Structures are given as structure tokens and as C-alpha cells.
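Scroll down for the structure; my scribbles are underneath it.
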Amino acid sequence: MENYKPDTLCVQAGYSPKTGEARIPPVVQSTTFVYEKTQDMADLFDLKSDGYFYTRLANPTVAAFEGKVAALEGGVCGIGCASGMSATALAVFTVAGAGDNILSSQAVYGGTYNLFSTTLPKLGIECRFFDPDAPAEEIEKLIDDKTRMIFTETVANPAIIVLDFEKINAIAKRHGVLFAVDNTLATPVLCRPKEWGANIIIHSSSKYLDGHAAALGGMIIDAGNFDFKGKARYAQFNTPDESYHGLVYADLPVAFGTKCRAQMMRDFGAILSPQNAFLAYLGCDTLALRMERHSSNAAKVAEYLSKHPKIEWILHPSLKDNKYNALAKKYLPNGQGGMMSFGIKGTVEKCARFMEALKLITQETHVADVRSCVLHPASTTHRQLSEEDLVKAGVPHNLIRLSVGIENPDDIIADLKQALEKV
Ligand code: PLP
């Protein structure tokens, strides 16, 4: 499948029925699988053969979705997780333990920021945050021999910062550190992080991959391009895992993916459910078409808002005067996705009036599905913060996050126009 283009992979990868089998992957709603020979089961437990024995570790419907996303990202293995958050957590736990540290861009999704800044330190894992726009030398200073991963987002949510892949990849390669990228808002249709050096790719499939706001899920992709052998930094990949009969992960063709599934999924059990895998698999069929439309709609909406007298500022990488326009041209040449943020001139009350006046676009905490939606962080997710703290958090009082859907762009713009008239 690897030679096919992304739009073909969206509809064809992950599941190939044999004669007489269902055309789309059946929902295998079973916790367990039956074997006649004890040895066959023993071989599965020893990872000597492929197959299914318990859905906490693998399931055929989940495998179909894993295969589809892995093919789209050009990876060697996908691991379906219960949510984007569990995907990020399991990816970190696969390489880091107490006493270790990771580096992360400070411009990451709020939930990821909380995990890294509050929960990981409680488990003895330090997270050193960096400004993704800082010069390489500054970021590099944070790396020491306990650093296990550099974590970033292709398009940061909600800051809408486009990652400078070449800069981060050069740092990761110089120090032999894993380079992980959350590719949720770009999707592999708009950007394939592996082509820019990323080793681990994370998704909240709850967003564009499913695309219909129907199924919570996450995905970890092992790009298969990191050699753990002989690296002191990754001793746990080079020394026998006694909980797996002395298996040495670095010797396997899929080192990270196997360790992640065999140890982390086994012990944390945050597997994607077969039903949600089925929904996300179906959603992915139309991913390429949807991303094209999300991107073209967003570019039109951004252009409209950028000229509106009641709009103070607007961030979307498609705009020529956007700080990340040059990076977007390089890394997201076929579209920049549907996410943007903008500021309305005036008070929090004016923002609320605008939001309530919207008729087609709904207020939601979600983003990145087929329906356009907005969120006003200062009166919802960040409402307890003072004006001063809002500025520190990078969320000015007038920031409105807009996730542009795939409706007709004229209708989206007309809705924004009539709501702005009421402000
Ligand atoms: N990563 C990004 C970029 C996100 O936007 C989100 C959720 O909004 C997550 C990860 C977390 O995903 P989930 O909500 O599926 O746990």
C-alpha cells in the first residue's frame, strides 16, 4: 500500500477482505479469542506469532484503524488508544520513567500541558518546556543525558503555531533523542511528520480522523526510523525486559511499537474500543476530501474576518501576513486546516453577545469535526482567570477559537457577519 497517495490510502488502507468476507471491517465486539492448541496461545503470549488473544492488547477492528493511520503516516505500527490523552501518556511512559525528563513545546493542547506540567512530575518525570519559536541553541540547552523525548505539535492548539520541523529535527538528531509530534490538527493528509524526521506521531482521533464528533480515540504511530541499539539514553530498550521473558526491544523490527503495546498497553489498558475504532475507521475514508474543504473554507473565512472592522486580530497560517505563513507554505502546502483564532474589538460581554448571536455555528469545547463551532475561553474554559492571568496564559479576553467545518463557506461567513452586526 505504501506507494499509494494519501487520498487512496484513506479509503483503501488498513483492511483487505479475503473472498467472502465483509467489505468493511466488522465490529469484533469480543473481549477474547478462542484457540484449540495450548502452544498457539503460548506463542501469542511470547510475541512469537501474530494474532489476537485479548482485546486489551489487540483487536481486529482496532487493528484495521491502526493499519489505516499507520499507512497514512508512513509508519511501521499503529497503536489505537482510548483517547488522544492516553496516546500521549503511553508514548511518554514507553520511554521515560522516574528520574528521566522530556522536552515539550510550551504551545501544546491544554490537556497535554497539564499532563506534562502537573501529572508527570508527580510520577518523577520532569518536563522542560520550550518556546517553539526560540533559537535551536536555546532549546538544546535543556537536553541532558536523562532526556528521552522532544514533544511538539504540527499545528499547535489553540495557539495556531506551525512547527519548524527542520529546526527541531536537527536538535533531536544531534543528541540522538526521539522526536515526537502530535499531528492531530494537520492530519497526515496535510503533513506527514515522518518525512520531516519525526519518530513518533500522536493523534487525537476524536478530531479530524473520525471527523464527525462521534468517537473518542487516540493513536500512536511508530515511524520505524529510530535505532535504539547501543544508545545509553535508551538502556531500557537495550536490556532484557524480565516481564517479557528477557525480550530486548531494540533487537525487534518494531522496537518502540512493541514495547508500547506489550508493556504499556498491557499495564495501563487504555485501548481504543472496537466500536470507536470502527467509527474512526469509517470517518477516515473521507479524511482527504474533508481536509481539502476544511482548509479552503478556513482560508476564505480568515480572509473575510481579516478585513472586518470589528475584528482586532486573526491567526490563520493561510493569511499572507501571518507569522507562520512561510512555515505553512513549506510544511502544509496543500492546506492549513480549519482551526483559527481571532479577537473581537471590545469586552468579554461583547464576545459573549457575538457567540450567542451565531445561528449556524455552535458553541462547543470540541474542534475539528464537520460542523463549524466556536469557543470563548475567557468565559468558559478559562473563566476563573483574571484579566492579567488570561494574558499570561496566551488567551486574551477577546480570543475566540473557531473550528471551521465543511458547510458551504458562504453560509459560514453569513453567520459570522450577522453575529458581528449584533456586537
Ligand atoms: N492533542 C490535541 C492537539 C488536541 O486538540 C486534543 C484534544 O483536543 C488532544 C491531543 C487530546 O485528545 P482527546 O480529547 O482525544 O483525549
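The values are calculated or read from the model by the stated rules, or taken from the named source; none is laboratory data. Note that the coordinates shown come from a computational prediction; the quantities given were computed from them, not determined experimentally. Cβ sites come from the backbone with ideal geometry, for glycine too, and all protein chains shown count toward neighbours.
Some notes on this structure:
- Within the stretch 337-375, the residues that satisfy the criterion of being closer than 13 Å to Leu399 by Cβ and either among the basic types (Lys, Arg) or within 16 Å of the ligand (Cβ to nearest atom) (or both) are Met339, Met340, Ser341, Lys345, Lys350, Val374, Leu375.
- Residue match in the stretch 127-138 (condition: surrounded by 19 or more Cβ atoms within 10 Å (Cβ to Cβ), aliphatic (A, V, I, L, M) and at pLDDT 95 or above): no
- Of the helices (runs of 4 or more DSSP H) lying entirely inside the stretch 1-109, the ones with 2 or more residues being closer than 24 Å to Asp267 by Cβ and modelled with pLDDT under 95 are found at 38-45.
- Subset of the stretch 352-367 (residues that are in a loop (DSSP other than H, G, I, E, B), under 20 Å from Gly211 (Cβ atoms) and touching a helix residue (DSSP H, G or I) at 6+ places or on another chain (Cβ under 8 Å)): Leu360, Ile361
- Lone unmet requirement of (1) over 16 Å from Tyr331 (Cβ atoms); (2) buried (at least 24 other Cβ atoms within 10 Å of the Cβ) for Pro188: (1)
- Considering residues of the stretch 104-132 that are within 17 Å of Val395 (Cβ to Cβ) and aliphatic (A, V, I, L, M) only, the residue nearest to the ligand (Cβ to nearest atom): Val108
- Residues (within 24 Å of Cys77 (Cα to Cα) and hydroxyl-bearing (Ser, Thr, Tyr)) located in the stretch 257-307: Thr258, Ser273, Tyr281, Thr286
- Checked against the criterion of being out of contact with any Lys or Arg (no Cβ under 8 Å at 6 or more places or on another chain), of a type in the set (A, V, I, L, M) and crowded, with 24+ Cβ neighbours inside 10 Å, the candidates Leu272, Leu327, Leu282 yield just one match: Leu272.
- Yes/no for Leu385 being at pLDDT 95 or above and either part of a loop (DSSP other than H, G, I, E, B) or out of contact with any helix residue (DSSP H, G or I) (no Cβ under 7 Å at 6 or more places or on another chain) (or both): no
- Residue in the stretch 43-86 that is nearest to Asp182 (Cα to Cα), counting only those that are β-branched (Val, Ile, Thr) and away from the ligand (no atom under 16 Å from the Cβ): Val76
- Single residue of the stretch 196-219 satisfying the filter (more than 12 Å from the ligand (Cβ to nearest atom) and surrounded by fewer than 20 Cβ atoms within 10 Å (Cβ to Cβ)) that is nearest to Leu247 (Cα to Cα): Gly197
- Scan of the stretch 18-37 for residues that are among the aromatic types (Phe, Trp, Tyr) and under 23 Å from Asn276 (Cα atoms), ordered by number: Phe33
- Among the residues of the stretch 330-347, those that are out of contact with any Lys or Arg (no Cβ under 9 Å at 6 or more places or on another chain), at negative phi and surrounded by 16 or more Cβ atoms within 10 Å (Cβ to Cβ) comprise Tyr331, Leu332, Gln336, Gly343.
- Test: residue in the stretch 156-174 that is more than 16 Å from the ligand (Cβ to nearest atom), modelled with pLDDT of 95 or more, touching an Asp or Glu at 6+ places or on another chain (Cβ under 6 Å) and of a type in the set (A, V, I, L, M, F, W, C): yes
- Pairing residues of the stretch 307-334 that are of a type in the set (A, V, I, L, M) with residues that are in a helix (DSSP H, G or I), at Cβ distances under 7 Å and at least 6 apart in sequence or on separate chains, gives Ile311/Leu305; Ile314/Ala302; Ile314/Leu305; Ile314/Ser306; Leu319/Ala302; Leu319/Ser306; Leu319/Asn325; Leu332/Leu190.
- For the residues Asp241, Asp222, the requirement of being acidic (Asp, Glu) and surrounded by fewer than 24 Cβ atoms within 10 Å (Cβ to Cβ) singles out Asp241.
- If you filter the stretch 401-423 down to residues that are of a type in the set (Val, Ile, Thr) and at pLDDT 95 or above, you find that the one that is nearest to Arg290 (Cα to Cα) is Ile406.
- Some residue of the stretch 88-103 being over 25 Å from Pro158 (Cα atoms), within 16 Å of the ligand (Cβ to nearest atom) and aliphatic (A, V, I, L, M): no
A quick yes/no check of all residues on (1) within 23 Å of Asp227 (Cα to Cα); (2) out of contact with any Lys or Arg (no Cβ under 8 Å at 6 or more places or on another chain); (3) surrounded by 19 or more Cβ atoms within 10 Å (Cβ to Cβ):
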{"site": "Met1", "(1), (2), (3)": "no, yes, no"}
{"site": "Gly14", "(1), (2), (3)": "no, no, yes"}
{"site": "Lys18", "(1), (2), (3)": "no, yes, no"}
{"site": "Arg23", "(1), (2), (3)": "no, yes, no"}
{"site": "Tyr35", "(1), (2), (3)": "no, yes, no"}
{"site": "Leu47", "(1), (2), (3)": "yes, yes, no"}
{"site": "Gly51", "(1), (2), (3)": "no, yes, no"}
{"site": "Asn59", "(1), (2), (3)": "no, yes, yes"}
{"site": "Lys68", "(1), (2), (3)": "no, yes, yes"}
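- Set side by side, the residues Gly74, Gly84, Gly20 differ, and just one is in contact with a His (Cβ under 7 Å, 6 or more places away or on another chain) and not aliphatic (A, V, I, L, M), which is Gly84.
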